[in-house]
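The values are calculated or read from the model by the stated rules, or taken from the named source; none is laboratory data. Model, not experiment: these values are computed from the prediction. Here Cβ is always computed from backbone atoms with ideal geometry, including for glycine, and neighbour counts include all displayed protein chains.
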Number of protein chains: 2
Amino acid sequence: MIELKRIKACGSRKNRTGHSDSSAVSTLALFRVSLYLRRLAELEQEGVEKTSSRELGERFSISAASVRKDLGFFGAFGRAGIGYEVHGLRESLMGILGLERTWKVAIVGAGRLGRALAKHKGLAESKFEISALLDKFPDKTLGEGELKLEILHIDVLPEVAHERDIEIGIIAVPGPDAQDAANSIVAAGLKAILNFAPARIKVPPGVFVHNVDFTIYLENLAYFVNRVYHQGQTDIDGSGLD
Amino acid sequence: MIELKRIKACGSRKNRTGHSDSSAVSTLALFRVSLYLRRLAELEQEGVEKTSSRELGERFSISAASVRKDLGFFGAFGRAGIGYEVHGLRESLMGILGLERTWKVAIVGAGRLGRALAKHKGLAESKFEISALLDKFPDKTLGEGELKLEILHIDVLPEVAHERDIEIGIIAVPGPDAQDAANSIVAAGLKAILNFAPARIKVPPGVFVHNVDFTIYLENLAYFVNRVYHQGQTDIDGSGLD
């Protein structure tokens, strides 16, 4: 599910975090920050002004201590006995994740999945704008006419990426076409790839890659269903990010 | 991205893991086990017979110590200086995750995303079999005829689930329809839900839920692109599961 190409491994943060690993900030810590952001958005919408480590992590079964540690990594936001200011913390975290701006995204692959992603509300309401949808066969029709984006030929990705300031590519092609799609994305100068194809891709150093693997979620659910409903284990607590 | 309903919080593993949290085994530890399984499958295919914690974690930037800790949680599989037997470890982990059998899955929502998932090779090659595809409007056509599964009316889910031994449901409907889909899945007696809709769902205790949130991956990529390409940070190591 999770894999990022290393740009440069280096131990410069070792003293700060106390870890013996070389990671400056871990991918999973960043995932957790994204979760805190979702909770903060909800709290802000509810008119809540102050919150706590406990409240931020509770929904996701993340301990207050882990929340404090994660947020502490980026600077001391909370005050003992007072907590966090919802709006201010949200703004700070958005800035840290680089989300004070909109990121332009190209989807390569205009089949079912590519089109589903192009129309996915979760993306539409995010800081990520689907700015181009491309395919090797842009003329293929799936009998639906409501897509707002024109489907472009993959060969125009370099110009389109440049014109529209696209920095992230999503691969939504079948497995055997994934490497071609990755090559096109890299050649067009994009810096990061979210890969939905069930295949590994190779990219040069400096390009970040996440592989989305649905089956990991299913395996996780299977574990809990198996333990509880097939093996009768009653003390299962299927929760908790590390 | 990650949320599981608690079945029963209980501190019975406290002594064993040394954590003050109540979690017996964390969702993220299980995600990592799924990653080790993928690596083991590759190694086995390459004819490799022995492996090490380092080799298992390297691809995913997980430290050898973390690999040892994760595997140790389920029993002592490795031997100091000798490592792990690839085939045996894989079998053991498959058993632990409940993957010595096939799990039947129903997809609720036969739009673009539901159909894309129904045909996704990553699922087809897994231990999860898409056994039913259902919709409120099963007659709707998207101009494509190659789906092998008949699209059924959501109302028949209880019978179909019973007949086909379906235990896991995937929600692939638009956000506003997600709760209805969840209610149908729960009413049909399924035990776990993978929710692709950009909406929160409520389920009774005892039903496990994972929410898939694509934007978390994108936020993570944006962080690294921002740091390296916009802020010129050169010591970024965009890797590392905790």
Check A:E219 against each of (1) surrounded by 22 or more Cβ atoms within 10 Å (Cβ to Cβ); (2) under 14 Å from A:G111 (Cα atoms) and name the one condition it does not meet.
-> (2)
Please find, within region B:207-226, the residue that is nearest to A:F196 (Cα to Cα) out of those that are modelled with pLDDT of 90 or more and more than 7 Å from every other protein chain (Cβ to nearest Cβ).
-> B:V209
Does B:V33 fit the bill of being of a type in the set (A, V, I, L, M, F, W, C) and touching a Ser or Thr at 6+ places or on another chain (Cβ under 9 Å)?
-> no
In contact (Cβ under 8 Å) with a residue 40 or more places away in the chain, farther than 27 Å from B:A197 by Cβ and in a helix (DSSP H, G or I) - does that describe any residue in region A:190-201?
-> no
Considering region A:184-217, residues that are within 14 Å of the chain's Cα centre (by Cα) and polar (S, T, N, Q), and then whichever is nearest to B:G98 (Cα to Cα), we arrive at A:N211
Taking helices (runs of 4 or more DSSP H) that do not extend beyond region A:70-188, which have at least 1 residues that are in contact (Cβ under 8 Å) with a residue 24 or more places away in the chain, surrounded by 18 or more Cβ atoms within 10 Å (Cβ to Cβ) and within 14 Å of another protein chain (Cβ to nearest Cβ)?
-> A:86-97, A:112-119, A:157-164, A:178-187
How many of the residues in region B:56-114 are over 30 Å from A:R112 (Cα atoms), among the aromatic types (F, W, Y) and either under 19 Å from the mean Cα position of the chain (by Cα) or at pLDDT 90 or above (or both)?
-> 2
Selection count, region B:185-201, where residues are of a type in the set (D, E, K, R) and closer than 20 Å to B:L134 by Cα = 1
